[in-house]
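Below is one structure, written out as structure tokens; comments come after it.
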Amino acid sequence: GPNPEPLDKILETLKKENVKATFFLLGTNIKTYPQSAKKYLPLGHEIGNHTYSHKNFYQLKKKKSIEEVEKILTEEISTTENVIQEVGGVKPFFMRMPYGFIAPVVKQVAKEKKYVVVNWSFGCDWNRNTKEELIKKYLKNVRPGAIFLFHEKKVTAEALPEIIDGIKQMGYEIVSLRAILGLSEKREIGRSEQK
């Protein structure tokens, strides 16, 4: 995200169900849709850094030196961090790499930039699934501590109410990413001075 078309429906569902989410944003999308990017924080959601342009670091690692990969990654993270601070007034606490890429260089850059790297336990909404298939697949993967990856897509927005309802009917509580990771909700997330 942000992706304006499905975002409003997703936010409406989360508000109705009293669910807080972490939205990992791309810098390019924030630049394209700054008004949409301003909607998350006032509703109590958290924003994470998802790099600037969603480069495939698996491919980059094959073509570039580790020093070049580190430079590109640092630029991608820093540029998005700056854009998020401009639009939302916060420095993100979490980052998620495109395609779930994880390597020592990611951990090193995250440490230098003071980020917690997060991946997911299940996600499939980037594949061609119907609403019914999404509901079935996500509910099949519900377990304690699960971290679900969703995208701001029309089909996801349509499936989300039934996924949330199904999770609650199984007796699970949907909690924030910070709670799953055992981090304090009150921990400072780097809110910068408002101008």
Discussion item. Suppose all protein chains stay in the model; what accessible area per residue would a 1.4 Å probe give for the chain, in Å²?
Written reply: 56
Worksheet item: Using a probe of 1.4 angstrom, how much of the accessible area of segment 63-147 is carbon and sulfur, in percent?
Response: 52
Worksheet item: Using a 1.4 Å probe on the protein chains only, how many percent of the accessible area of segment 1-56 belongs to carbon and sulfur?
Response: 48
Fill in: If the convex hull is drawn through the Cα atoms of segment 1-74, its volume per residue in Å³
99
Item to complete: Could you check the simple spin-label distance between K64 and K140, using points 7 Å along Cα→Cβ, in nm with one decimal?
Response: 3.7
Fill in: Distance in nm between pseudo-label sites at F122 and K71 (7 Å out along the Cβ direction from Cα)
4.3
Discussion item. Rg and Dmax in Å for the chain, alpha carbons only: what are they?
Written reply: 16.7, 49
Discussion item. Quick check: residue separation of I102 and L183 times 0.36 nm, minus the Cα distance between them. What number comes out in nm?
Written reply: 27.0 nm
Worksheet item: Given Cα pairs under 8 Å that are at least 6 residues apart, what percent is the relative contact order of the chain?
Response: 24
Worksheet entry | Near-label residues of segment 4-37 by backbone N, under 14 Å of a point 7 Å along Cα→Cβ of E173 | 19-20
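The values are calculated or read from the model by the stated rules, or taken from the named source; none is laboratory data. A quick note: this is a predicted structure, and the numbers were derived from the prediction, not measured. Neighbour counts are summed over all protein chains in view; Cβ atoms, including those assigned to glycine, are modelled from backbone coordinates with ideal geometry. In case anyone asks, the SASA skips ligands and DNA or RNA and just uses the protein heavy atoms, side chains included. Shrake-Rupley method; radii C 1.70, N 1.55, O 1.52, S 1.80 Å.
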